[in-house]
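Below is one structure, written out as structure tokens; the observations come after it.
The values are calculated or read from the model by the stated rules, or taken from the named source; none is laboratory data. What you see is a predicted model, and the numbers here were worked out from it, not measured in a lab. In this analysis, Cβ positions are derived from the backbone assuming ideal geometry, glycine residues included, and neighbour counts consider all displayed protein chains.
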Amino acid sequence: MLMLVLLTALPPGAGQPDKDECQIGARKICGNHTVCHNTHGSFYCVCLDGFRASNNDKKFIPNDGTNCTDIDECEEPGLCGYNAQCINTEGSYECHCNDGYKLENGERSFHPNGSSDSCREIRCGSPPEMEHGYIVGNYSLVPGSTVHYECKEGFYSEEGKSSYCTENEDWEPATLSCKGVDCGVPPSVLNAHQMFVSGSTYGSEVTYSCVHGYFIASGNHTAVCNAKGQWDGADLVCKEIDCGKPLLIPHTEIIWDNSTTLLSRVFYKCKEGYYFSGGRNFSQCTLDQKWENITYQCKEEELFSNLTVFNETCVKWQMRTGRLGVQKTYTFHIRGQRWDEKTFSEDVVLNITTSEDNPKVCLDLNSGSNYVVNITAISSTNVPVTVSVAVQTKVKEAFNNVLIFNDTCLKWRRNVRGADTEDRYLFHVQGQRWYQKEFLHEMTFNLTTRKQAPEVCFDLQPGTNYSVNISMVALNFSLLVSMATQITDPPFPDIEFVAAKGSAPLLRLRKAEDRNGPISLYQVIVLPLGMQSTFVCESFSAATFFSNTTDVKGYVAAEFRAKDVADNMSVALGDRHYYGKFYNAPLKLGREYCVFLRIISEWNKVRTQSCAVWAQIKNSSPTLQYMTAVVLGSVAAVCLILFLSFSAARSYLHRTVHSPPAALACEGVRLSATMDTARASSLVQTENVSML
């Protein structure tokens, strides 16, 4: 104390060096929670932030017992804001969110800093959905809340039926599901097999069919898995097919093993002295439990019938005796004379023995000659049968009578004397398309044949013009044949199905390839959603699909020529423009539509098409223009009605003493206004459409 007094008694700057009292440390000289400041010849102490001097001064000298005590910031009400509480600390404080709340940044404590730090309520959001289940009762989104579920009919849960909200704002468990009731393996049915099994869970079906040789006598052929895990309706009864005794045919003998079940056969054989005529010689037991009706007949034998001449020098006939392997001898007497030489003659006799039922004989005759051929056969009763044939041979060509059949096949007749003569042909095929300049289909191959009437079919592309050059190698002879294949259905439209809303949805049209013929047109067809099952892709004559308004049930909205279509082209449905001869009318408000895309190919008077469902347009909402017109029309109608009502009321007051009740007049005006407003709305809508 004496030292301090002496120091202050000396005049400042008396030549003595200053001593820094703060060197010994602020805590030692000033106390806890302080800062020491040295002055010339003295010092003073200041409390740290969050503390204040016990004498309530900012500066002090600790010679009077002054010290620094903690400031309780939490005494200030509302310091931490809403949904939070203040906790005092030594020299400071902390704000903590109340239970059920947390900081936006995820920290546990904060100091208020404007609006950047605030406590929000902890909520879990929407509870998870349960597959094949539904929520039971009420629930909340605060932590600790529980949502209860129940499975739908035919389903059960092994994982629990509830989920609760955690402090982390998550639902636990996050996924729930119900399993379908399992009926197990479908029951077996006697003499039946399972045609189709969709599964073994609730609602699954199994379809039965009687095994081969059995028919459905009674019962249901479909069983269904019920909610109790059992199969219902498996009561099918199958019985074996029985056709009974077979049919009798006159002049026949039956060869039969006495079997009458499905596909059993009974064979018929003509008796001695008869031959069969008609179809096959057996009848079969069918699913109808009847023997097939056959045209098998037995007629008295014929030694020589249906004698015909073919290929100018060949003869064929039929021998019907009803006996197999019977040898017959035929005598041919051939006399010939060339037409250009009177001195030339030919006289030949030959015999041919055969057991064939349909003999064929080809004679080696000279070309450019006239022949008479007498053929004689001796029957078992020694009755001769003779036929005379006049033949005029010509100079032969390589081949003739070339015909096109089935669009891609050729056939012709060979001019040869014997059946063993072999010819080799060279084919060179070239195909081009006018609508695809780069297209070329070319193939070359050889054909060797002994047939009198060869046939060849080519593997040709549709919608193509072909030239076929046929050369006969041995004779150095060639023939050029032109062929044109018809177009087939164009490829199905390559579309991306769109489910859209609104009165003018935007669709994307992709260009198809001319793979099966030239694509001519693309058509956009609009149908009400309920009529999509009645649409037929091949329909071109139905008037309901070719109107320029949307008052009909369905219509063609647009038609594009193939050359005008760009790949991935945008098509705005209902834009009120004409595409081709069709009007792209606006869609009706509040209706749902199904949109089809039809691709059409036309070539050589043949028209083919392919269709695909392109889009589904759901409830079209009114446009802003339409709503504005309706509102303005309604306001105008109401004003007009009010004016007329007011005029009528004044006129009525002049004619009568008593006024009508006010409620009845308001009601009348209200009804009239409503009716006129609706009428005005209808007029506005009609005029709006017509102007657009």
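Among residues belonging to the range 206-219 that are hydrophobic (A, V, I, L, M, F, W, C) and part of a strand (DSSP E or B), point out the one that is surrounded by the fewest Cβ atoms within 10 Å (Cβ to Cβ).
Ala217
Residues that are outside any loop (DSSP other than H, G, I, E, B) and within 30 Å of Met319 (Cα to Cα) within the range 275-297 comprise Tyr275, Phe276, Ser277, Phe282, Ser283, Gln284, Gln297, listed in sequence order.
If you check Leu236 against the conditions, is it touching a Phe, Trp or Tyr at 6+ places or on another chain (Cβ under 7 Å), more than 28 Å from Asp288 (Cα to Cα) and not polar (S, T, N, Q)?
Spelling it out, it is not the case that Leu236 is touching a Phe, Trp or Tyr at 6+ places or on another chain (Cβ under 7 Å), more than 28 Å from Asp288 (Cα to Cα) and not polar (S, T, N, Q).
Residue count for the range 430-450, restricted to those that are under 16 Å from Val402 (Cα atoms) and surrounded by 14 or more Cβ atoms within 10 Å (Cβ to Cβ): 1. Only residues that are assigned to a loop (DSSP other than H, G, I, E, B) and either exposed (fewer than 15 other Cβ atoms within 10 Å of the Cβ) or at pLDDT below 85 (or both) were counted across the range 592-607, and they come to 2. Taking the range 199-222 as the range and being under 28 Å from His132 (Cα atoms), touching a Cys at 6+ places or on another chain (Cβ under 9 Å) and not charged (D, E, K, R) as the test, the residues that pass are Gly199, Ser200, Thr201, Tyr202, Gly203, Ser204, Val206. Of all residues in the range 233-263, those being closer than 21 Å to Asn191 by Cβ and of a type in the set (Asp, Glu) number 3.
Given the criteria in contact with a strand residue (DSSP E or B) (Cβ under 9 Å, 6 or more places away or on another chain), surrounded by 15 or more Cβ atoms within 10 Å (Cβ to Cβ), outside the structural domain of Cys210 (by TED's automatic domain parsing) and more than 30 Å from Gln452 (Cα to Cα), does Arg320 qualify? Here the answer is no, as Arg320 does not meet what is asked. Within the range 106-127, is there a residue that is outside any loop (DSSP other than H, G, I, E, B), modelled with pLDDT of 85 or more and either more than 58 Å from the chain's Cα centre (by Cα) or exposed (fewer than 12 other Cβ atoms within 10 Å of the Cβ) (or both)? Among the residues of the range 106-127, not one is outside any loop (DSSP other than H, G, I, E, B), modelled with pLDDT of 85 or more and either more than 58 Å from the chain's Cα centre (by Cα) or exposed (fewer than 12 other Cβ atoms within 10 Å of the Cβ) (or both), which makes the answer no. A count restricted to the range 125-140 and to residues that are at positive phi and out of contact with any Gly (no Cβ under 8 Å at 6 or more places or on another chain) stands at 2.
How about the range 239-269: which of its residues are in contact with a Ser or Thr (Cβ under 6 Å, 6 or more places away or on another chain) and closer than 20 Å to Glu301 by Cβ? Tyr268 - this is the single residue of the range 239-269 that is in contact with a Ser or Thr (Cβ under 6 Å, 6 or more places away or on another chain) and closer than 20 Å to Glu301 by Cβ.
Pairs please, first residue from the range 219-246 and touching a residue at least 12 places away in the same chain (Cβ under 8 Å), second anywhere and among the aromatic types (Phe, Trp, Tyr) and part of a loop (DSSP other than H, G, I, E, B), Cβ atoms under 7 Å, 6+ apart in sequence or on different chains. Close Cβ pairs (under 7 Å, with a partner that is among the aromatic types (Phe, Trp, Tyr) and part of a loop (DSSP other than H, G, I, E, B)) amount to Cys225/Tyr202; Ala227/Tyr202.
When restricted to residues that are on the phi > 0 side of the Ramachandran plot and at pLDDT 70 or above, the range 369-383 contains 0.
Here's a check for you: in the range 30-43, which residue that is crowded, with 16+ Cβ neighbours inside 10 Å and either assigned to a loop (DSSP other than H, G, I, E, B) or in contact with a Phe, Trp or Tyr (Cβ under 7 Å, 6 or more places away or on another chain) (or both) is modelled with the lowest pLDDT? So the residue we want is Gly41.
Where residues in the range 82-97 are in a loop (DSSP other than H, G, I, E, B) and within 60 Å of the chain's Cα centre (by Cα), which of them is surrounded by the fewest Cβ atoms within 10 Å (Cβ to Cβ)? Among those that are in a loop (DSSP other than H, G, I, E, B) and within 60 Å of the chain's Cα centre (by Cα), it is Tyr82. Scanning the range 252-274 for residues that are out of contact with any Phe, Trp or Tyr (no Cβ under 6 Å at 6 or more places or on another chain), in a strand (DSSP E or B) and not hydroxyl-bearing (Ser, Thr, Tyr) yields a count of 4.
Phe477 falls short on exactly one of the conditions (1) closer than 18 Å to Trp603 by Cβ; (2) at pLDDT below 90, and that condition is (1).
Do we find a residue being of a type outside the set (S, T, N, Q), in contact with a Phe, Trp or Tyr (Cβ under 9 Å, 6 or more places away or on another chain) and on the phi > 0 side of the Ramachandran plot anywhere in the range 76-86? Scanning the range 76-86, I find no residue that is of a type outside the set (S, T, N, Q), in contact with a Phe, Trp or Tyr (Cβ under 9 Å, 6 or more places away or on another chain) and on the phi > 0 side of the Ramachandran plot, so the answer is no.
From the list Ser520, Ser539, the one residue that fits, being assigned to a strand (DSSP E or B) and closer than 22 Å to Thr608 by Cβ, is Ser520. For the range 159-190, taking the residues that are touching a Leu at 6+ places or on another chain (Cβ under 9 Å) and modelled with pLDDT of 85 or more, the one that is farthest from Gly144 (Cα to Cα) is identified as Leu190. On the stretch given as the range 222-265, residues that are touching a strand residue (DSSP E or B) at 6+ places or on another chain (Cβ under 6 Å), among the small types (Gly, Ala, Ser) and surrounded by fewer than 16 Cβ atoms within 10 Å (Cβ to Cβ) total 1. With respect to (1) modelled with pLDDT under 80; (2) in contact with a Gly (Cβ under 8 Å, 6 or more places away or on another chain), the lone exception for Asn63 is condition (2). Tallying residues that are surrounded by 14 or more Cβ atoms within 10 Å (Cβ to Cβ), in a loop (DSSP other than H, G, I, E, B) and in contact (Cβ under 8 Å) with a residue 24 or more places away in the chain within the range 474-504 yields 12.
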